[in-house]
Amino acid sequence: MGLVPDCTEDFGDFSMSCLTKLAAGLLLGAIALVVTFAHLTSRYGWRLYLEVFSHFQVQYWAIALILLGILFLLRRKWPVYAGLFLVVTLSLQILPWYWPPLRLFPTRHTADWHVLIANINTQNTSYDKVLSLVRAEDPDVAIFMEVDDTWQAQLDQLGDRLPYSSGRSNPYNLGLLVYSKQPLGNARVEFFGTERNASVIAQLAIAAQPVTLLATHPLPPAKPSFFQSRNQQLARISEYLATLENQIILAGDLNTTMWSPYYRRLAQRTGLHNAREGFGILPTWPTPGTYRRLPGWLTLLLSIPIDHCLLSQGLEAVNVYTGSHIDSDHRPLLVDIRARPAT
């Protein structure tokens, strides 16, 4: 069971067995190197084209499991050890999001707040699906991103359920609106170092505790200028939130995953925790069928969690789940929140 296959057979056996195993070993080794490089550079890569690798930890983990299974079948001792190391390393990026398993063993606490976070996409015209989702979920606060004037006119029909609103529409996927059952105190639009994509800040209360809600939607890092804008916006937001004494909810399409160095820096500076903890990865983008050039199964395999709800230590998630498909390229994220009892 060494690294190199036994090539003492005759030529026919060599061509049919030894050469095949050698080629498979080289191919699997190349895959292992790519996966390992992608994983290791994700936490140190501060450039756009390296940071992209950080978002696909689940996919790397799945590849590593398949690789380990193939290596085991080939009965190659040291490659199996290397595969085990790779699987364990990647598991440390994935499994903590499922522990403790709150989805399997939900708490019995009653939620004080129900929050809906939805990037609805200006090109999406399934207005009824979005409005029906909101009426079915009946959130206390609903945050919508990529809202243009047409979408705002549709969403304003929710005034009977969510009479208070703040934000700004925009025709270029940069609009953001917040709707609420309770008044949005001192609501205002901020830009946090950007010129186009608005954030909304408002004061509310959860179980009589004052809470600052910050809803935001940084630019997607599709090119270097957008990448820098997103990182600058997240940095400015973290600086602002670090000055607050209220409980905090930071929510929206952050256009980054939990494994990005920039997300980790935001979490460290603010002390916020992700509502997903204990409920799983819950990927939200992209959704099957929204990109015609890609088959639905491929978009599903490439899905990553970029819509988030981050909470300060005085708040906890009672339940987190993704909502029904609304024909956007994002799935809605639903979060039930309660205020922790004062100690």
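The values are calculated or read from the model by the stated rules, or taken from the named source; none is laboratory data. Predicted, not measured: the structure shown is a model, and the values here were computed from it. Because the Cβ atoms are built from the backbone with ideal geometry, glycine has one as well, and the counts that use them run over all protein chains shown.
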Checklist entry - Out of curiosity, is T256 modelled with pLDDT under 95, under 14 Å from the mean Cα position of the chain (by Cα) and outside any helix (DSSP H, G or I)? => result no
Item to check | Close pairs (7 angstrom Cβ cut-off, 6 or more residues apart or separate chains): surrounded by fewer than 18 Cβ atoms within 10 Å (Cβ to Cβ) in the range 178-190, not in a strand (DSSP E or B) anywhere | outcome: K181/D140; K181/L162; V189/A198
Next on the checklist: Can you tell me how many residues within the range 294-320 are over 18 Å from A222 (Cβ atoms) and assigned to a strand (DSSP E or B)?
Outcome noted: 10
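Per-residue answers, yes or no, for (1) outside the structural domain of Q247 (by TED's automatic domain parsing); (2) surrounded by 19 or more Cβ atoms within 10 Å (Cβ to Cβ); (3) of a type in the set (A, V, I, L, M); (4) under 16 Å from L214 (Cα atoms):
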position: P261; (1), (2), (3), (4): no, no, no, no
position: R264; (1), (2), (3), (4): no, no, no, no
position: F279; (1), (2), (3), (4): no, yes, no, no
position: P295; (1), (2), (3), (4): no, no, no, no
position: L315; (1), (2), (3), (4): no, yes, yes, yes
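For (1) assigned by TED's automatic domain parsing to the domain that holds G314; (2) assigned to a strand (DSSP E or B); (3) under 23 Å from Y263 (Cβ atoms), each residue gets a yes or a no:
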residue: P79; (1), (2), (3): no, no, no
residue: V87; (1), (2), (3): no, no, no
residue: L92; (1), (2), (3): no, no, yes
residue: H114; (1), (2), (3): yes, yes, no
residue: V134; (1), (2), (3): yes, no, no
residue: L155; (1), (2), (3): yes, no, no
residue: G159; (1), (2), (3): yes, no, no
residue: L177; (1), (2), (3): yes, yes, no
residue: V189; (1), (2), (3): yes, yes, no
Checklist entry - Residue check: is D253 within 24 Å of P332 (Cβ to Cβ), surrounded by fewer than 22 Cβ atoms within 10 Å (Cβ to Cβ) and of a type in the set (D, E)? => result no
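What do you reckon, is I237 outside any helix (DSSP H, G or I), in contact (Cβ under 8 Å) with a residue 12 or more places away in the chain and within 26 Å of A267 (Cα to Cα)?
Numbers: outside any helix (DSSP H, G or I): no; in contact (Cβ under 8 Å) with a residue 12 or more places away in the chain: yes; within 26 Å of A267 (Cα to Cα): yes.
Spelling it out, it is not the case that I237 is outside any helix (DSSP H, G or I), in contact (Cβ under 8 Å) with a residue 12 or more places away in the chain and within 26 Å of A267 (Cα to Cα).
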